[in-house]
Each structure stands twice: as structure tokens, then as C-alpha cells.
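Beneath this line is the structure, given in C-alpha cells, with notes to follow.
The values are calculated or read from the model by the stated rules, or taken from the named source; none is laboratory data. What you are looking at is a predicted structure, and each value in this text was computed from that prediction instead of being measured. Note that we place each Cβ from the backbone using ideal geometry, even for glycine, and neighbour counts take in every protein chain shown.
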Amino acid sequence: MASLQILHRSVLEQIHQACLLAKRMPEEVRLLAVSKTHPSAALREMYDAGQRAFGENYLQEALAKIDELKDLNIEWHFIGHVQRNKTKLLAEKFTWVHGVDRLIIAERLSNQRESSQEPLNICLQVNIDAQDSKDGCQPKEVALLVREISQLPHLKLRGLMVIPAPNNVHAFMDAHELFEKVKTEHLHPEDWDTLSMGMSGDMLEAIQAGSTMVRVGTALFGARDYSK
């Protein structure tokens, strides 16, 4: 298997080429390394390759890695479903939370973020293509949520996160249209800069549609082993 450094360079090159094809600047798209189920040693190796932003789905697993890797300057993103009883640790330990889809969750994160910390970066998760199996607010709910969450202290509302069904490229375009439309509703439009969409199998299409952050796991770390 190729080293993680080689895989990292390969993914960055794919992002670069996708941006050129879309007539976009490569620096417009950030790479978020999705590291769930992979050991801390793999994250350390990826960090040595230059990766700084890592996304985790499972809180307890993430907390263990945060402790084991506390000597590294990692930007930790939580990209899993946000449960009400987990918000305190998310507010304390993470730099970004992507899965916010209700006002009560945002309020709890704001209340539980220490004023001494930098504001917690938030993305609204939107169920852009009405999948029964997916979390997220409905597109029609986004404008009101943006207005309400924009007023909360200790949070910085950065944009939207979507996970469309496989091969639903049109959903990427719908998400970009919603992202641009809702920017006018934001009390702090200068903060509204993140459209988190696209994974290992569809990041090229997502970048073509306007993604500013791709969440890549398998293409960086290899297949996940869920038996551990």
C-alpha cells in the first residue's frame, strides 16, 4: 500500500486538477481528512505530510485521539450527528462542528463554549435531497436557522454541510444555490464562506459545483476496518 504521504499528495493533486477544470483557484478548496476508525499513529503520519484539519464522527474515539495527539496543532472537526447530551464536550474540545441542524443544538454549543476560547465554527447540516436515512434540516428551514444562529455568542456560523445520495450530482448544485441565496440572510456575511460537500468518491463533482471543503477519508487512509 502507498504511504500516507503519497496518498495525501495524490488527493491534493486531484483537488488541484478539479479546481483547474472548474476554473477555480485551488486555494478555494480545503481538504478535511476524515480519520474515523483510523489509529492516532496514522493521523500523526498524515500530520507530518502537512495535513492539519481532521474530521471525526464518533465522540469517544475522537476524544481519545485529541488526548493522544495533544502535542500537535490539529484543527479538530466533528462531522457526525450532534446529540444533545454530547454538546458540552463538542463545545470544549473541537474547532468546528458540522452537524448542527436544530436551534437547540446551536444554543447549547454557544452556552457551553468558554468565552476564553475562540468562537466555535459551525456548519448547518442540510438534508439537501430529502433522504429518509439522513440527518439535517430541510432546505426551507435554513434561512430562519441562519438568522437565529447568527445572533448567538461564542459561535461563528460558517456555512452548510451536505451528504447527498450517491451519484446525485444535481444535489451539489442545489446546495451551492442555497448557500449563495442564504448568504444574504446572514448577520455576518463575511463569515459565510464554507460549503462542506464531497467525499472520496464524488469530490471532483462537488468541487465543480462549488464546494469549498471536501471531506476525504478512504482516498487518504485506505479502507476502514469497522471490526476494531
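Taking residue 2 as the residue in question, decide whether it is modelled with pLDDT of 95 or more, over 23 Å from residue 206 (Cα atoms) and among the hydrophobic types (A, V, I, L, M, F, W, C).
It is false that residue 2 is modelled with pLDDT of 95 or more, over 23 Å from residue 206 (Cα atoms) and among the hydrophobic types (A, V, I, L, M, F, W, C).
Among (1) surrounded by fewer than 14 Cβ atoms within 10 Å (Cβ to Cβ); (2) within 29 Å of residue 181 (Cβ to Cβ), which single condition is residue 127 missing?
Of everything listed in (1) surrounded by fewer than 14 Cβ atoms within 10 Å (Cβ to Cβ); (2) within 29 Å of residue 181 (Cβ to Cβ), residue 127 misses just condition (1).
Can you pull out every residue in the range 118-134 that is closer than 20 Å to residue 91 by Cβ and under 14 Å from the mean Cα position of the chain (by Cα)?
Matches in the range 118-134: 120, 121, 122, 123, 124, 125.
Determine whether residue 175 is of a type in the set (Gly, Ala, Ser) and more than 17 Å from the chain's Cα centre (by Cα).
Criteria not met by residue 175.
Looking at the range 150-167, which of the residues that are touching a strand residue (DSSP E or B) at 6+ places or on another chain (Cβ under 6 Å) and at pLDDT 95 or above is surrounded by the fewest Cβ atoms within 10 Å (Cβ to Cβ)?
156
Among the residues of the range 208-223, is there at least one that is under 17 Å from residue 35 (Cβ atoms) and among the polar types (S, T, N, Q)?
Yes.
Which members of the range 130-149 meet the condition of being of a type in the set (Asp, Glu) and surrounded by 12 or more Cβ atoms within 10 Å (Cβ to Cβ)?
Result: 135, 141, 148.
How many residues, within the range 175-187, are within 16 Å of residue 130 (Cβ to Cβ) and either surrounded by fewer than 18 Cβ atoms within 10 Å (Cβ to Cβ) or of a type in the set (Gly, Ala, Ser) (or both)? Even if it seems obvious, please write down each step before you answer.
Start the filter on the range 175-187 by keeping residues that are within 16 Å of residue 130 (Cβ to Cβ), which leaves 175, 177-178.
So of that shortlist, the ones also either surrounded by fewer than 18 Cβ atoms within 10 Å (Cβ to Cβ) or of a type in the set (Gly, Ala, Ser) (or both) come out as 175, 177.
Total meeting the criteria: 2.
Can you tell me which residue within the range 103-113, out of those that are touching a residue at least 40 places away in the same chain (Cβ under 8 Å) and of a type in the set (D, E, K, R), is nearest to residue 126 (Cα to Cα)?
Ranking the qualifying residues of the range 103-113, first place goes to 107.
List every residue pair whose Cβ atoms lie under 7 Å apart, where the two residues are 6 or more positions apart in sequence or sit on different chains, the first residue falls within the range 66-87 and is in contact (Cβ under 8 Å) with a residue 12 or more places away in the chain and part of a loop (DSSP other than H, G, I, E, B), and the second residue, located anywhere, is surrounded by 10 or more Cβ atoms within 10 Å (Cβ to Cβ) and of a type in the set (Phe, Trp, Tyr).
Close Cβ pairs (under 7 Å, with a partner that is surrounded by 10 or more Cβ atoms within 10 Å (Cβ to Cβ) and of a type in the set (Phe, Trp, Tyr)) amount to 72/47; 74/47; 74/54; 80/58.
Across the range 146-180, what is the number of residues that are in a helix (DSSP H, G or I) and under 24 Å from residue 199 (Cβ atoms)? Give the steps one after another, and end with the answer.
Kept after step one, since they are in a helix (DSSP H, G or I), are these residues of the range 146-180: 146-149, 169-180.
Narrowing the set further to residues that are under 24 Å from residue 199 (Cβ atoms) leaves 169-180.
Of the residues in that region, 12 qualify.
For the range 38-58, check the following and say yes or no: at least one residue is among the acidic types (Asp, Glu) and more than 28 Å from residue 210 (Cα to Cα).
Applying the first criterion (among the acidic types (Asp, Glu)) to the range 38-58 yields 45, 48, 56.
Going one step further and asking which of them are more than 28 Å from residue 210 (Cα to Cα), we end up with 45, 48.
Scanning the range 38-58, I find at least one residue that is among the acidic types (Asp, Glu) and more than 28 Å from residue 210 (Cα to Cα), so the answer is yes.
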